[in-house]
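The values are calculated or read from the model by the stated rules, or taken from the named source; none is laboratory data. Worth saying up front: this structure is predicted, and the values here are computed from it rather than measured. Quick reminder, even Gly has a Cβ in these numbers, built from the backbone with ideal geometry, and neighbours come from all protein chains shown. For the accessible areas, the whole protein counts, side chains as well, though only heavy atoms, and no ligand, DNA or RNA atoms are used. Shrake-Rupley method; radii C 1.70, N 1.55, O 1.52, S 1.80 Å.
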Amino acid sequence: MKGVLLVNLGSPESPTPKDVKTYLDEFLMDKYVIDVPFLLRAFLVRGIILRKRPEKSAEAYKKVWWKEGSPLVVLSKRMHKKIQKLVDIPVSLAMRYGKPSILTGLQELANQGLTEVLLFPLYPQHAMSSTTTVIEMAEELRKKHFPEMKFTIVSAFYNKPDYIKALANSIKKHLEGYDYDHLLFSYHGLPERHIRKTDVTKSHCKIDGSCCNTPSPAHEFCYRHQCYETTKLVVKELGIPEEKYSQTFQSRLAGDKWLEPYTDVEVNKMPGKGIKNLAVVTPAFVADCLETLEEIAMEANHQFKEHGGENFLAIPCMNDDEEWCGIVGNWIKDFQNK
């Protein structure tokens, strides 16, 4: 019998420093997120970051927290509920960090006697700090608790025509009636070394102006290439001229070199270039979260206007959009019918 496990990033249990600290400890101690030896990672995370970061992050979470709970978890649950209604095999929802855990999700499926599971990381583009860590954790739990279970893994879907069409339609819907000067595609940032680490050829990724546009087996796991490809396909679908859009990366940490250009830096420059009406979309996420609701809709909005911008539109993620949920439902049906 077949079932599905949808997996998103996760969230603290509440916007309190204590719960945020617990969440950040699990998240930042992941070897695929801060990819340094354990002792150094523990020193950085538990010796430095977790001393002050939880209080600051808790304040940010409080700004976006909903009555029902974490926006990311609430929206993921809404999406899950809609998808379950579209298919006739069991679908469970899990978070890589926090609750409901991957173990809980797999146990739900195992309790129903399911032995074939479609493991679905809810990330359009592949990254070791998102896709890989979900797959590795699920596989580790499968071997330990559910050895009879078999996984089929949904790979990055950044270039699937139905996904691109749904994303383009969502953007188009939210742009209606908004006379924008510029559309910014802002993706979650990564340290450049993560891009090189996922290069299966060990030589292709130079992170320059050409490697992402030169065909290579490296592109199957290259987050940077997949982000640029997502943007390229969406603007083609929408017919947006080259001068009216650009792409940046957000949410960097101090220290290592991260993917450029940086969202905050570029947004601050835009009013000086004559861009007064800005729209921002965040296609690395399928559900709105701290990075979209606070970092973009609040902070980037504020900074844009501080630097002379007039109107700012943060385009929501697809969340539980009917078309998007229908596409996921169709992918599940394809798995079911194999």
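Observations, loosely collected:
- The set of residues in segment 263-318 that are over 23 Å from residue 58 (Cα atoms), of a type in the set (A, V, I, L, M) and in a helix (DSSP H, G or I) comprises 265, 267, 270.
- Residue, modelled with the lowest pLDDT, within segment 239-255, restricted to residues that are over 21 Å from the mean Cα position of the chain (by Cα) and open to solvent by 50 Å² or more (accessible area, probe 1.4 Å): 255
- Residue 84 satisfies every condition listed in (1) touching a strand residue (DSSP E or B) at 6+ places or on another chain (Cβ under 6 Å); (2) in contact (Cβ under 8 Å) with a residue 24 or more places away in the chain except (2).
- Scanning segment 106-123 for residues being in a helix (DSSP H, G or I) and polar (S, T, N, Q) gives a total of 2.
- Filter pass, residue 314 being closer than 12 Å to residue 79 by Cβ, of a type outside the set (Asp, Glu) and touching a helix residue (DSSP H, G or I) at 6+ places or on another chain (Cβ under 9 Å): no
- Residue 276 vs. criteria farther than 17 Å from residue 178 by Cα, surrounded by fewer than 20 Cβ atoms within 10 Å (Cβ to Cβ) and not acidic (Asp, Glu): no
- When segment 289-335 is filtered for residues that are surrounded by 19 or more Cβ atoms within 10 Å (Cβ to Cβ), among the charged types (D, E, K, R) and touching a strand residue (DSSP E or B) at 6+ places or on another chain (Cβ under 8 Å), the ones remaining, listed by number, are 291, 295.
- Among the residues here, residue 172 does not qualify as over 28 Å from residue 329 (Cβ atoms) and either open to solvent by less than 30 Å² (accessible area, probe 1.4 Å) or among the basic types (Lys, Arg) (or both).
- Scanning segment 296-318 for residues that are out of contact with any Cys (no Cβ under 9 Å at 6 or more places or on another chain) and closer than 28 Å to residue 69 by Cα yields a count of 13.
- Check on residue 280, at pLDDT 95 or above and within 17 Å of residue 266 (Cβ to Cβ): yes
- Considering the conditions (1) in contact with a Leu (Cβ under 7 Å, 6 or more places away or on another chain); (2) open to solvent by 20 Å² or more (accessible area, probe 1.4 Å); (3) not charged (D, E, K, R), residue 261 is excluded by exactly one of them, (1).
- Failed item, numbered, when residue 151 is tested on (1) touching a residue at least 60 places away in the same chain (Cβ under 8 Å); (2) more than 16 Å from the chain's Cα centre (by Cα): (1)
- Residues that are closer than 24 Å to residue 317 by Cβ, open to solvent by less than 10 Å² (accessible area, probe 1.4 Å) and out of contact with any helix residue (DSSP H, G or I) (no Cβ under 8 Å at 6 or more places or on another chain) within segment 100-110 comprise just one, 105.
- Failed criterion for residue 121 (all others in (1) in contact with a Lys or Arg (Cβ under 6 Å, 6 or more places away or on another chain); (2) under 22 Å from residue 190 (Cα atoms) hold): (1)
- For residue 281: the one exception among (1) under 15 Å from the mean Cα position of the chain (by Cα); (2) open to solvent by 40 Å² or more (accessible area, probe 1.4 Å): (2)
- Filter result (surrounded by 16 or more Cβ atoms within 10 Å (Cβ to Cβ), out of contact with any helix residue (DSSP H, G or I) (no Cβ under 9 Å at 6 or more places or on another chain) and closer than 25 Å to residue 245 by Cβ) within segment 192-229: none
- When segment 25-71 is filtered for residues that are farther than 21 Å from residue 195 by Cβ and among the aromatic types (Phe, Trp, Tyr), the ones remaining, listed by number, are 38, 43, 61, 65, 66.
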